[in-house]
Every structure is written in C-alpha cells, then in structure tokens.
Amino acid sequence: MKNNKVLVTGGAGYIGSHTVVELLNANYEVVVVDNLANSEISAIENISKITGKKFPFIQADTCDLASLRKIFEAHEFGSVIHFAAYKAVGESVEEPLKYYQNNLMSFINVIALMKEFKRANVIFSSSATVYGDADEQPVTEQTPLKPANSPYGRTKQICEDILKDSVKACEGLNGIILRYFNPVGAHPSALIGELPRGVPNNLLPFITQTAAGIRPCLKVFGKDYDTPDGTCIRDFIDVVDLAKAHICALERLLSFSGGQNCEIYNVGTGKGVSVQELIDTFESANNIKLNYVYADRRSGDVPEVWADPSKAKRELGWQSQTPLCQTLKNAWAWQKNISSIK
Ligand code: NAD
Ligand code: WQD
C-alpha cells in the first residue's frame, strides 16, 4: 500500500504553508517541522482554518540531528518535502557560513536519516538561481548551470549534487528537485502568504508594502537592461500553483516501484514578465497608483530568466494556471489582511 504520510520541513514558511494546504486537501497525512526562524506559528493555525484539518507540528531545528531523529522515530512517513533553508540572497553574501551551515546541514541530516530509516522519497526546493546568467532563454533542465551569484545560490547547487549522489548510492531512495522561478502571491483566503522580516528583498512584497504605505517608494533596480522596456525579466509563478507542483511530484515519486530515480523539473509559467509589467499589472489589477522611481541596477541581478516548464507538463502533468492579475490581487488581499487595511 502507498505510504501517504509526508514530513514537511520548513512547513510554516511561505511556500511550505501553501504546500501543506494542498497536501491536506489531497488527503495526504502531514507532519510539519519548523524552527520558526523565518515564520510564525499563526501560519500553522491558519492552515488548519483553511483546510479544517489538524496535523502534528514540531518546533525543531533540522540541523539538530538528535531532534530530527526523534521525529523519524515517532512518525512513519514515507516521503519528505524539504523546504527548511535560509533564502535571503544579500544576507548570504554578508554571512556565508550561516547559509552553508543551515542549508547544507539541514539537508544532509534529512538525507542521512532517510537512509537510516529507509524512507523512500524526497522533494528538494531548488531555485532558478542555479542557472546563473544563462546564455539562452527560456532555460530548460538541460541548460548548463553557471557559477552561482551568491553563497545562497551555491547552497542550492551543492544540495542538488548531494541529492544526486545520495540517490545513486542508496538503494530505495528517490528524489525530485524542483527549481522554482519567482514565487509570488498568496492563498486566495488571504490567511497565509509571504511574511518578510524587515525590509523585503523581493520585488512583490516590496510592491505590496509600498502600496500599504509601509515603504514610501519602490526602487526599480535598472531601466537600462537590454530588454524591451529596459527592466529585468523574470518568471513569476503563483505560490498556490507552485504548491500544487509538489503534489504532482509526490505522486510521481510514489508511482516508482524501485529506487534510485533522481529527476529535475523547472517550475515556472514559461512566460517572461518584466519588472515594469509586474508593476503595471499590479496597479491595474488592484486599481492602485504605486509610488516608484527608477534606480541603479542591483548588483548580482541577471537581466532575464524564465522557464521552459514543458518537462513538468509532460512528466508531472503540472502547469501553472492562475492569471498574473489574480495572483497580484491575492498578494494585495494578503498584505491588506496583515496590515489591517480595509
Ligand atoms: P521561508 O523562509 O518562508 O520558509 C522556510 C522555512 O524554513 C521557514 O519557516 C523557516 O523558519 C524554516 N527553517 C529554516 N531553517 C530551518 C531549520 N534549520 N530547521 C527548521 N526550520 C527551518 O522561505 P520560502 O520562500 O517558503 O522558501 C522555501 C524553500 O524554497 C527554501 O528552501 C528556499 O530556498 C526555496 N526557494 C524559495 C524561493 C522564493 O523566492 N521564495 C525561490 C526558490 C527556492
Ligand atoms: C526580481 C526583480 C530586481 C526588488 C530572488 C533570488 C532567487 C529566488 C527568487 C530563492 C529583479 C527587481 C526587486 C526591488 C526591484 N529566491 N527588484 N526593486 O532576484 O529574481 O530572485 O528571489 O531562491 O534565488 O535571487 O527576485 O524579487 O529579488 O527581484 O526592482 O525593490 O525585481 O532587481 O530584477 P530575483 P527579486
């Protein structure tokens, strides 16, 4: 019989919480571990409000092998979805060891215990950042990886190698690497969403905080790129669509009869959208005038990157569904909810 129990590390975070909702909706049993380093316990409560379901939540650090072993001993999940990591690119340049320590150790611990306890399936959260400044767009899973632009990006490249090598060496282990492009938006209930601490690094939370009056003005980093409107191009993927990609990946892992499969999938829309277009769509979708100025380029930014997601469509049966304007309405509804704006 299929083991439909899943351990979700980092499940109180932005993408993790949306994925837990989709797992519960699809009748998976879920155990969440998170140390709340970058999330709030309210996310766990709100997942239960959205789904009407309760599930075990353990506040623990996945870098702490002894605590993680107790979770493996107590719960007979067959699969792990591993989100637990730090993700602030700029901070990773300032404090590389913090990133190498957390992002590598937590994943090594997960894989080591999966091997010890003979747990079969793991999904790893990777990132489009592994492509660096690719020579051609859109990027496919075969596009050669360039040196990462940050220690954060390097942790993703290293973890991908850790997984590939471990699957090769461990009978019974299967892995899927999902390379997320730019996750944006929030659950349509406005009960869960992104909770940046301090000044947001990412574009959409900066936009919604500017619209909410928390930030006086958005800086558009670079208007002189070699793109149609001069601003950078990204592939903005709705967070609920992204969460659903994990269900499709899990179904595929559970369909394997043996082990030692390791696969990689791009998770994006397949459409490049410029920073300017994102701002314009946010304004029109929400009937808001945003205060923004053009500023210098931000160091480390690639001019453009978007996904070829056809492999995910072909092999996982997954594709993005939510129109960008709906995603941007959901993001604004979430921001208004957490800022108590009517
Ligand atoms: P997030 O910070 O909202 O969620 C990560 C969660 O992991 C947080 O709740 C945090 O408290 C927890 N965590 C971190 N270290 C931990 C540890 N040692 N032990 C236990 N819990 C720990 O980030 P997110 O945006 O939801 O990202 C989830 C994953 O997806 C990360 O691996 C991230 O690198 C990756 N990713 C994110 C993006 C993005 O733009 N958001 C893009 C590509 C890949
Ligand atoms: C998008 C565009 C900025 C803020 C990062 C990580 C990547 C992945 C997703 C984790 C860029 C511009 C931004 C602002 C702006 N995360 N911008 N003003 O850099 O594509 O990707 O998040 O894996 O690894 O690198 O996302 O949202 O920071 O920026 O003009 O205040 O918006 O210059 O062109 P990015 P982002």
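Each value in this text was obtained by applying a stated rule to the coordinates, not by laboratory testing. Please read these numbers as outputs of a predicted model, since none were measured by experiment. Heads up, the Cβs are rebuilt from the backbone with ideal geometry, glycines too, and the neighbour counts pull from every protein chain shown.
The shape of the range 1-86 comes out oblate: with a ≥ b ≥ c from the C-alpha gyration tensor, a/c is at least 1.5 while a/b does not beat b/c.
For the options 286, 182, 121, a Gaussian network treatment of the chain with springs between C-alpha atoms closer than 10 Å singles out 286 as fluctuating the most. Packing around the peptides 129-137, 27-35, taken as the average count of other Cβ atoms within 10 Å per residue, puts them in this order, highest first: 27-35, 129-137. Rounded to the nearest 20, the Cβ-based charge dipole of the chain about its Cα centre (Lys and Arg +1, Asp and Glu -1) stands at 780 debye. Counting Cα-Cα pairs of the range 201-342 in 5 Å increments starting at 0 gives whole-percent bin shares of 2, 9, 16, 18, 16, 14, 10, 7, 4, 2, 1, 0. Principal semi-axes of the equivalent ellipsoid, √(5λ) from the alpha carbon gyration tensor of the range 70-158, are 28, 17, 9 Å from largest down.
Could you check the spin-label model distance between residue 260 and residue 40? Points 7 Å from the Cα along Cα→Cβ, value in nm. About 4.8 nm, to one decimal. When Rg and Dmax are taken over the Cα atoms of the range 295-340, they come to 16.3, 42 Å. For residue 81, the amide hydrogen comes within under 5 Å of the amide hydrogens of 7, 8, 9, 123, counting only partners 5 or more places away or on other chains and with H modelled in the peptide plane. Selection among 158, 81, 117 by position relative to the dipole of the range 67-175 gives 117 as farthest towards the positive end (Cβ unit charges, Cα centre).
Taking 0.36 nm per residue of sequence separation and subtracting the Cα-Cα distance, how much length would be gained by fully extending the chain between residue 189 and residue 169, in nm to one decimal?
Result for the pair: 2.9 nm of gain on full extension.
Of the residues 149, 310, 250, the one whose Cα sits farthest toward the positive end of the charge dipole of the chain, with +1 on the Cβ of Lys and Arg and -1 on the Cβ of Asp and Glu, is 250.
Under the convention that each Lys and Arg Cβ holds +1 and each Asp and Glu Cβ holds -1, the size of the dipole of the range 190-342 around its Cα centre is about 520 debye.
Remark: for residue pairs 244/329; 146/223; 54/313; 146/219; 156/311, the C-alpha separation exceeds 26 Å in 54/313; 146/219. Taking a cut-off of 30 Å, what percent of all Cα-Cα pairs in the chain are separated by more than that? Across the chain, Cα pairs with separations above 30 Å total 32 percent.
Amide H to amide H distances under 5 Å link residue 184 with 237, 238, 239, where only residues 5 or more positions off or on other chains count and H is placed in the peptide plane.
Helices meeting the span-like rule in the chain (full DSSP H runs, Cα extent of at least 24 Å along the helix axis, mean Kyte-Doolittle score of -1.0 or higher): 151-169, 239-255.
Taking a ≥ b ≥ c as the square roots of the Cα gyration tensor eigenvalues, with a/c under 1.5 meaning rounded and otherwise prolate when a/b beats b/c, else oblate, which class fits the range 180-264?
Oblate is the answer for the range 180-264, as a/c is 1.5 or above yet b/c matches or exceeds a/b.
Label separation (residue 29 vs residue 94): 4.3 nm, computed from points 7 Å beyond Cα along the C-beta direction.
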